[in-house]
1. Those residues that are outside any strand (DSSP E or B) and either in contact with a strand residue (DSSP E or B) (Cβ under 9 Å, 6 or more places away or on another chain) or outside the structural domain of PHE373 (by TED's automatic domain parsing) (or both), I need them from region 340-354; list them, please.
2. Return the residue satisfying two criteria in turn: it lies in region 330-339 and is touching an Asp or Glu at 6+ places or on another chain (Cβ under 9 Å) and either part of a strand (DSSP E or B) or at pLDDT 85 or above (or both), and of such residues it is surrounded by the most Cβ atoms within 10 Å (Cβ to Cβ).
3. I need a count of the residues in region 124-145 that are at pLDDT below 80 and among the charged types (D, E, K, R).
4. Considering only region 165-181, I want to know if a residue exists there that is within 25 Å of the chain's Cα centre (by Cα), modelled with pLDDT of 90 or more and more than 30 Å from ALA318 (Cβ to Cβ).
5. Within region 81-107, which residues are surrounded by 15 or more Cβ atoms within 10 Å (Cβ to Cβ) and part of a loop (DSSP other than H, G, I, E, B)?
6. Pick out the one residue from GLU148, GLU121, GLU95 that is modelled with pLDDT of 85 or more and outside the structural domain of ARG307 (by TED's automatic domain parsing).
7. Got a sec? Which of VAL382, VAL370 is at pLDDT 80 or above, surrounded by 13 or more Cβ atoms within 10 Å (Cβ to Cβ), over 30 Å from ARG29 (Cα atoms) and not assigned by TED's automatic domain parsing to the domain that holds ASP198?
8. Select from region 17-47 the residues that are within 23 Å of the chain's Cα centre (by Cα) and part of a loop (DSSP other than H, G, I, E, B) and list them in ascending order.
Amino acid sequence: MVTNYRLIMLALVQGRSWSQITSDLGCSRSSIDKASRVLRSTGMDEDTITALSAQELSELFPDNRRRDSDAFVEPDFAGIAARRRRGERVTLKVEHHKYTRRQAASGQQHYSYRQFCALFENYVDVNDLTALLTHAPGEELCVDWSGETMAVVDPLTGVCARAYVFVASLPHSGLIHASAWPDMRMRSWLCAHRDALDYIGGVPVRIVPDNASTATNQVTRGTTVREVNERYQQFAEFYRCGITPARPGKPRDKAHVEKAVDIVQTWVVEALSGQEFSTFDALNAAIAAQVDWINDREGFRGRNASRRQLFVESEAEALRPLPQQRWSYSTWRKAKAGVNYHVQVEKHFYSVPWSFAGKSVDVQIFDDVVDIFSGGCPILCVRGLGLQVVRESVGVSHG
């Protein structure tokens with residue numbers, strides 16, 4: 001694929017964002033950077049760019065990859081890239097060694113190792129393969145909150161509630177998920193993660209959040225390292241994956257998710273800005289439709305394929321299976337069993353074994369389950385809140 005620098009420069013002059021240009025033209029960010037540098041040095045406007053001849057363009061953007069094809073043995077960069085995409089171990093040192101052992105025709109020579117590496121980098125750049133080759137399939141899920149919010153309006157009172165948009169994306173395939181929440185607190189943060197994992201249908205090796213307060217604790221004085229907070233770590237342990245916060249001062253750690261957030265802000269937040277939603281369910285249904293459109297849109301990374309196609313072909317099978325039991329948010333409380341050996345939880349009473357009468361217990365409250373513990377040992381599990389409950393024995397007799 002040949003990079004169209006004329007279109008890139010026109011898009012930059014028109015004020016389009018790098019993410020929009022990448023999405024619309026299927027070019028790499030390094031190509032946009034080259035075009036941006038040329039514009040800064042020349043000061044060209046739209047008319048000047050449009051009038052450039054092919055020769056003038058080639059002088060502005062010399063193709064350093066070009067060589068006399070008859071003078072050099074052609075490397076199989078497509079094959080190398082394909083093997084890397086499949087997650088195979090590939091090093092350019094070994095590949096160059098294999099390349100130099102290939103028979104050269106009369107008058108041909110092999111590229112030096114330095115030339116070989118430079119040409120491969122150019123091949124990756126021109127074909128926009130950076131994300132595919134630097135992020136192994138199923139390795140990372142990048143997450144962050146969008147800086148732009150949406151709204152849910154009560155049709156009776158007219159009160160407008162702010163909706164915060166959570167964005168998750170797989171760097172390898174580019175698959176995106178987004179959802180709206182009433183706040184950015186821990187419950188919303190973790191439930192948004194759960195829904196994102198449900199959407200992709202599996203679990204990556206690690207989740208990469210930005211350094212949001214819901215993800216990490218405050219920086220310890222004298223260090224830039226932020227520790228993953230306990231609730232977030234417990235969530236990761238449930239899914240058996242790691243949490244690796246983006247490193248402060250390392251823009252490349254955040255580049256992918258920032259691009260995904262920009263796409264969501266453009267094609268979800270802005271695209272739905274003219275519509276009014278009365279519930280979060282209605283808003284999230286509209287967001288889901290827009291996200292599916294983004295993921296199913298062909299022409300991603302300059303190919304006749306969509307994000308979803310790349311995901312199905314190269315990443316879905318690399319994800320680990322979801323746990324059999326769906327994760328549910330929970331809160332912990334201290335309680336005391338009465339003399340009638342009943343524990344009160346949110347105006348509901350639960351009967352525990354008589355031997356715990358008058359003793360303090362720990363209560364874990366899920367959306368539809370209540371677990372009661374004593375000294376870390378479970379003594380009661382109740383499914384369903386209200387008068388009609390089903391109790392499960394956990395091995396302690398009521399007497």
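The values are calculated or read from the model by the stated rules, or taken from the named source; none is laboratory data. Quick caveat: nothing in here was measured; it's all calculated off a predicted structure. Ideal geometry is used to build each Cβ from the backbone, glycine not excepted, and the neighbour counts take in all protein chains shown.
1. Listed by number, the residues that qualify are ASN340, TYR341, GLU346, VAL352, PRO353.
2. Taking region 330-339 first, the residues touching an Asp or Glu at 6+ places or on another chain (Cβ under 9 Å) are 330, 332-335.
With the extra rule that they be either part of a strand (DSSP E or B) or at pLDDT 85 or above (or both), the set shrinks to 332-335.
Working: TRP332: 10, ARG333: 11, LYS334: 8, ALA335: 16.
Out of the qualifying residues, it is ALA335.
3. Going through region 124-145 one residue at a time, the tally reaches 2.
4. no
5. Once the filter is applied, which keeps residues that are surrounded by 15 or more Cβ atoms within 10 Å (Cβ to Cβ) and part of a loop (DSSP other than H, G, I, E, B), region 81-107 yields GLY87, VAL90.
6. One residue alone meets the criteria, GLU95.
7. Testing whether each residue is at pLDDT 80 or above, surrounded by 13 or more Cβ atoms within 10 Å (Cβ to Cβ), over 30 Å from ARG29 (Cα atoms) and not assigned by TED's automatic domain parsing to the domain that holds ASP198 leaves just VAL370.
8. Across region 17-47, the qualifying residues are SER17, GLY26, CYS27, SER28.
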